[in-house]
Every structure is written in C-alpha cells, then in structure tokens.
Amino acid sequence: MRTFFQKCCCFAGEESEKKTADVRKKNVKTWRIFSLKELHSATNNFNYDNKLGEGGFGSVYWGQLASGDQIAVKRLRALSTRGETEFAVEVEILGHVRHKNLLSLRGYCAEGQERLIVYEYMPKLSLFSHLHGQFAANFTLNWPTRMKIAIGAAEGLAYLHHYATPHIIHRDVKASNVLLDEDFEAQVADFGFAKLVPDGATHITTGVKGTLGYLAPEYAMWGKVSESCDVYSYGILVLELISGRKPIQRVGRGGMLTILEWAGPLVLQRRFRDLVDPKLHETFEEDELTRLVQVAVLCAQNLPENRPTMQEVVEMLTEHTKDPMKEDDGLHLEPVKYDPALLAADE
C-alpha cells in the first residue's frame, strides 16, 4: 500500500495567512493504520445493527474503539482497479487536509482484499437523513440551522478550491455527503471521486461520476470538470436545503421533475417564500431567505463562467460585501436533461 500511495499525487493543505484567523482547525488525532481485527471488534463484526448507511461504494458502520472513541467505518465492496484508486485518493486527501468543515480521517485498513476507511463519527448523520431519511419526520432543521449548514458546506468547499495545495474538486457534492456533528456543524465528506487540479489548469476532462440531479451541464454532457462543477452542485444542494425537496422527484408515470424545473419559475417571479420547506412554518428570516435563494440560483447557472467561486459564495453569505443578484434578467436556469448512460466508468 505504501508504494501505491507514493504513486498518487501527495500534497498538504495549506492556508494563506489571510485565512488563518478565519479557519479554525479541528483538534484531530493523527491518523493511523488500523488492523482488521481491531475494526471487527469495534463494529461487532460489522453487525447489521451497526450499519449507518449503504451506497455504491459499500457500507458504513458505527463502531467504538477500546479507548471509547466512536468511529464510522466505510467498508468498500470487492476490490477493482477503480475501487483501489478511489480508496487511495480518499485516504491521501483526507490524510492531509484539515478544516472544521471537512470530515476528519482517523485512519484506514488494507489487509488482504479488505479496504476500510475510518472516520470521526458524526452523531447527527447526514443532511440527507434530516431532509429525506430517518429524521425527516422530526423538526430538526430550523432556519438558523439550515443557514449554518449552508455556510459551513460553502466554507469547506472554498477551502478545497482555494486553499488546499493542489486545489481539489470534490465531484460528488450532495446531501448524503454533508455530515453533521453534534452541533449541526456541516462536514463535507466522501472524497472517493475527488480530483486534484494541476497548476494552471482551468478544467479536467474525465469520465462522469456523481449523482443525477447535482451534475453541472458541462460535466454531465462533455465530462468537463472544474471547481465550477462543485459550485453548481452546491447551488442545487442549497435549493434542496431551503425547500426540503429532492433534486429529482418522480411525477406521474415515469416522469421526473428536477428542482430547477420547479424552482426556476418561482425565482423569476421572485416568489421566494413559496420555495421554503413547509416544515419551517414561516419561521425564517426574510432577508436571509432572499440572499440564500439568490446565491443558490447564481451557483446553478447553466454557464460555468456565470457562476461565482466558492470563496465569493462564502463572502456573500457571511460578510454581505457583495449583492448576490440585483436583477433576474440574466439568469439561465434551464434544467439539465440527464442521461444515466453518461455515468460512464471513470478512466
């Protein structure tokens, strides 16, 4: 494994002096290599009752170490060359970046055919679980909490795009990859699809990976990926956070309605209140709602050159130094017609 990792691009996330005072580093223990026996013991032999979630990559389990520390263990499915690469990329990235809004790596295990990644355990699970999953019936996300999550996720992505060296494109920004700690602080997670951006590169052409509904048009259609693709996905995520709706909803018999198809007309008519999740029952700040909606739709512009950077998004949400949108005339919110066949294997 050491030889394989050495072949990967190694880097260390570095913050500029300007941001040092603004970015609070987490007190993270040094990551280490776990034994398979240790992780079997921590998760009760990967007991079904310990399972936190499952995806195309494999399953995630809750565990408790002998020290009493709680952990989350991602157990990857049977290995392939692509799976091995994604495992190595995620370990490399999480092993070097440090930010309060990026999920922390505790370590990994690579024994035989087993590939496991060990993270800090997030007790509030994912944003998806609160919007659409097991906690959706409970009113856990009030308006201040949603604003906090939107800002936290933006700060995590801004760090990846602007302050990590080399810069990092996440490529799979979505509600299930935004985890929440005990205080509902957002933690951007799952870097298996992440790409490192070479110095001077404006974009990378690659196989399309990610989740339908969040994919930027230029990425879904031509495989052109840049930091701006994460910005687009973030815009969809924020519309989801505001409305409580999924990025794609089934309608009628076999029909699909994207969140942009639903939200676009309301935005152009400035009916921002009609976008708000009914669970909030008018308990939101009007000015904050307007700002958050405008930031979301600016991020979800069809043309990447019309989207803000994630650093500009953070400034618009926190410092109010920029007016997100004075006029709606220049908006281009035509929804993307995704073809599932475009989700080709990443070369």
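The values are calculated or read from the model by the stated rules, or taken from the named source; none is laboratory data. Here the structure is a predicted model, which means the values were calculated and not measured. All Cβ positions, even for glycine, are placed from backbone atoms using ideal geometry, and neighbour counts span all protein chains on display.
Structure values in brief
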{"read-out": "Test result for THR140, part of a loop (DSSP other than H, G, I, E, B), more than 23 Å from SER35 (Cβ to Cβ), of a type outside the set (A, V, I, L, M) and modelled with pLDDT under 90", "value": "yes"}
{"read-out": "Failed criterion for LYS100 (all others in (1) crowded, with 20+ Cβ neighbours inside 10 Å; (2) modelled with pLDDT of 90 or more hold)", "value": "(1)"}
{"read-out": "Scan of region 267-309 for residues that are in a loop (DSSP other than H, G, I, E, B), surrounded by 18 or more Cβ atoms within 10 Å (Cβ to Cβ) and among the aliphatic types (A, V, I, L, M), ordered by number", "value": "VAL276, ALA300"}
{"read-out": "Residues that are closer than 20 Å to ARG106 by Cβ and in contact (Cβ under 8 Å) with a residue 60 or more places away in the chain, drawn from region 150-159", "value": "TYR159"}
{"read-out": "Candidate set: region 42-63, residues that are in a loop (DSSP other than H, G, I, E, B) and surrounded by 14 or more Cβ atoms within 10 Å (Cβ to Cβ); chosen: the one nearest to the chain's Cα centre (by Cα)", "value": "PHE57"}
{"read-out": "Qualifying position, being modelled with pLDDT under 85, among the aliphatic types (A, V, I, L, M) and loosely packed, with under 14 Cβ neighbours inside 10 Å, among ALA78, ALA66, ALA88", "value": "ALA78"}
{"read-out": "Residues located in region 75-129, provided they are within 21 Å of LEU179 (Cα to Cα) and part of a loop (DSSP other than H, G, I, E, B)", "value": "VAL97, ARG98, HIS99, LYS100, ASN101, LEU103, SER104, TYR121, MET122, PRO123, LYS124, LEU125"}
{"read-out": "Residue check for ASP49: outside the structural domain of THR211 (by TED's automatic domain parsing), at pLDDT 70 or above and among the charged types (D, E, K, R)", "value": "yes"}
{"read-out": "Considering residues of region 145-158 that are under 16 Å from ILE93 (Cα atoms) and in contact with a strand residue (DSSP E or B) (Cβ under 7 Å, 6 or more places away or on another chain) only, the residue surrounded by the most Cβ atoms within 10 Å (Cβ to Cβ)", "value": "LEU157"}
{"read-out": "Selection within region 158-213 - at pLDDT below 85, within 20 Å of LEU76 (Cβ to Cβ) and either aliphatic (A, V, I, L, M) or not assigned by TED's automatic domain parsing to the domain that holds LEU237 (or both)", "value": "ALA194"}
